[in-house]
1. So if each residue of separation counts as 0.36 nm, and I subtract the Cα-Cα distance between N95 and F43, what length gain in nm does that give?
2. When a/c is below 1.5 the answer is rounded, else prolate if a/b is larger than b/c, else oblate, so apply that to segment 63-150 with a ≥ b ≥ c taken from the square roots of the Cα gyration tensor eigenvalues.
3. What is the distance, in nm, between label points placed 7 Å from the Cα along the Cα-to-Cβ direction at I110 and at Y122?
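Read-outs throughout are calculated quantities, based only on the coordinates presented, and are distinct from any laboratory measurement. As the structure is a computational prediction, the values presented were derived from the model and not from experiment. Every residue, glycine among them, receives a Cβ derived from its backbone with ideal geometry; neighbour counts consider all protein chains shown.
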Amino acid sequence: MQYVTPGNHPPLKFPQLILWRWCATLSAYFMLSLAYSFVSLAFQINFSHTNPITSETLPTLSSAGNPVSYGSGTFVVYWMLNFFGMIALGLACENVAMVVGMPWMGLFLIFWVITNVSTSFYDIEIAPGFYRWGYAWPLHSSKCHHHCPFFLTFFPSLTFSFS
């Protein structure tokens, strides 16, 4: 708690500390998600024009790129999906760090990274029933949400997740 009461300043109250940490974290995630989205733009992922073949049974032209769901706003949707995915993953780590402290934070991070990556890397539908807990993890939802703007898939909880 040495950061709460510095020597030359008035003491920082606990609600102010929480507000400061959350605002600083959210502003960092905002800029990090923009930089992360720019990496996809640098690799020339199609964000602006749709594929000329719009049939659901005919194959699309690979030279035209993936179809986009939101027209010229697809990049902004992709950026906000990255932003909210970072919020879901990062604020959980921030809250656990405030509650349990630094000695146990490493153990939580190992658990958090392994379980999130395993639920997003493999299909939960084909896994045994024990692994259905993966639907509650944020990285699985983020992966499913990222399919919406690029592959014209409908994820039913996309509107539910942001309302």
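1. Values: separation 52, 0.36 × 52 = 18.72 nm, distance 3.42 nm.
Difference between extended and current length: 15.3 nm.
2. oblate
3. With each label point 7 Å from Cα toward Cβ, the separation is 2.0 nm.
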